[in-house]
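Heads up, the thing below is written out as structure tokens.
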Amino acid sequence: MTTDVLPFPPATGLLPRRRNQLLVAAAVFAAIALIPFLVRDVYLQNVLVLTLLYAAVSQSWNILGGYCGQISLGHALYFGIGAYATSVLFVTYGVVPWGGMLVGGVLSAAIALLLGYPCFRLKGHYFSIATIVIAEIGLVLVHNWDFVGGALGIQWPFGSDSWWTLQFARDKVPYVHLALGLLAITWFVTFLIEGSRWGYWWRAVKDNPEAAESLGVEIFHSKMAAAAVSAFFTAVGGSFYASFLAYIDPESVMSFRFSLLFALPAVLGGIGTLWGPVVGAAILIPLTEITRSYLGGSGSGIDLIIYGGLIMLVSLAKPEGLLSLFRRKPKAEARS
């Protein structure tokens, strides 16, 4: 029996399209990098930082949930691990945040593999429920763990502005570029995976696991690889978030709300696509932040109403996400 897996499209047909995708991405990211120099309002720069961060973390979630079809609602666990690993290493042991990012990412990937061993034997909504339960257990443990500050959290020491310690008290522009760098790297890794053997395997697992397995796809190993990559970049996002806030506690980095925020931009923009999480975050995050700013305390919970309303509209009108509005229809379908 042959061990070949799914057939690959000819390279000659893929190269021009993928080259154009890279050129478009370079142009988009370059344009975003100029925004903070044109928009000097600190509040709007802060919104831009959060938008880029959530776009990056949603793209990380999209690797597992979008391409591999494993809907995780517990990614706040990996986000929190990255935030706490970086904070503890920096505040307690003096390790610079760059090192904490790497440690948090590797630790999260290892935990994702450990948790994936039993969880990936569950299917459908049972897997999603398991991820919620595990993330909530992690939240409770951190709440009661004095070594990481417990419910009081961890306050970063104030120092001079430095790229080495990722602290910029007087200027938000470096944070914009750091968040943009994280998004660009996450996007590029996803781009590489999408055109690789793993990318084809993951999409096969998502679409029809039984058929994929009959063609030689290693389903379990595919899910484990997707989980590790997704967890690694989610943790790096948590590390950046900790340096951006300079203070974390369990609720500020590990609550269930974050798991939803990581999934929703991808669902809104287009799950399993390169640009879906970016488009979704560009709509959801500014809308949420600006709504909170204008409504203040009276607008508590309005962001959840907005999320729910947008997701309902998109799921009814375009279940594939907003990007499906711009896809070309096949000629045969267009003539019918």
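The values are calculated or read from the model by the stated rules, or taken from the named source; none is laboratory data. These figures come from a predicted structure and were not determined experimentally. Positions of Cβ are backbone-derived with ideal geometry, glycine not excepted, and every protein chain shown enters the neighbour counts. The area values use the complete protein model at the heavy-atom level, side chains included, leaving out ligands, DNA and RNA. Shrake-Rupley method; radii C 1.70, N 1.55, O 1.52, S 1.80 Å.
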Subject >> Point-charge dipole on Cβ atoms (K/R +1, D/E -1) for the stretch 165-292, about Cα centre, debye to 20 >> reply: 260
**OP:** With only Lys, Arg, Asp and Glu charged, each at its Cβ (+1 for the first two, -1 for the last two), find how big the charge dipole of the stretch 16-255 is about the Cα centre; round to the nearest 20 debye.
**Re:** 660
**OP:** Tell me the trypsin sites (Lys or Arg not before Pro) within the stretch 112-217 that lie in a loop according to DSSP and have at most 12 other beta-carbon atoms within 10 Å.
**Re:** 121, 123, 170
**OP:** With a cut-off of at most 12 other beta carbons within 10 Å, and DSSP calling the residue loop, which trypsin sites (Lys or Arg not before Pro) in the stretch 18-86 qualify? Please list them.
**Re:** 40
Original post:
Using Cα atoms only, what is the angle between the long axis of helix 197-207 and the major principal axis of the chain, expressed in degrees (0 to 90) to the nearest 10?
Top reply: 80
Subject >> residue 169 versus residue 114: modelled label distance in nm, points set 7 Å from Cα along the beta carbon direction >> reply: 3.7
**OP:** Sum -39500 (n - 2.57) across every DSSP H segment of at least 4 residues in the chain, then divide by the residue count to get the 222 nm mean residue ellipticity, nearest 500.
**Re:** -23500 deg cm²/dmol
Original post:
Averaged per residue, what accessible surface does the chain expose to a 1.4 Å probe, in Å²?
Top reply: 49
Original post:
Counting pairs of alpha carbon atoms under 8 Å apart in space and at least six apart in sequence, what relative contact order in percent does the chain give?
Top reply: 31
Original post:
Just going by the charge dipole of the chain, with Lys and Arg at +1 and Asp and Glu at -1 on Cβ, which of 239, 276, 291 is farthest out on the positive end?
Top reply: 276
Original post:
How many angstrom lie between the C-alpha centres of the stretch 45-61 and the stretch 258-278?
Top reply: 11
Original post:
Share of the stretch 16-255's accessible area from carbon and sulfur, percent, 1.4 Å?
Top reply: 71
**OP:** Please identify the longest segment of the chain free of exposed GluC sites (Glu not before Pro), where exposed means a DSSP state other than H, G, I, E or B and no more than 16 other Cβ atoms within 10 Å.
**Re:** 1-217
Subject >> Label assignment, Rg/Rh (Cα atoms, Kirkwood Rh) derived from the structure, set [x] 0.97; [y] 0.95; [z] 1.00 >> reply: [x]
**OP:** Grab the Cα-Cα distance for residue 20 and residue 161, subtract it from 0.36 nm times how many residues apart they are, and report the gain in nm with one decimal.
**Re:** 47.0 nm
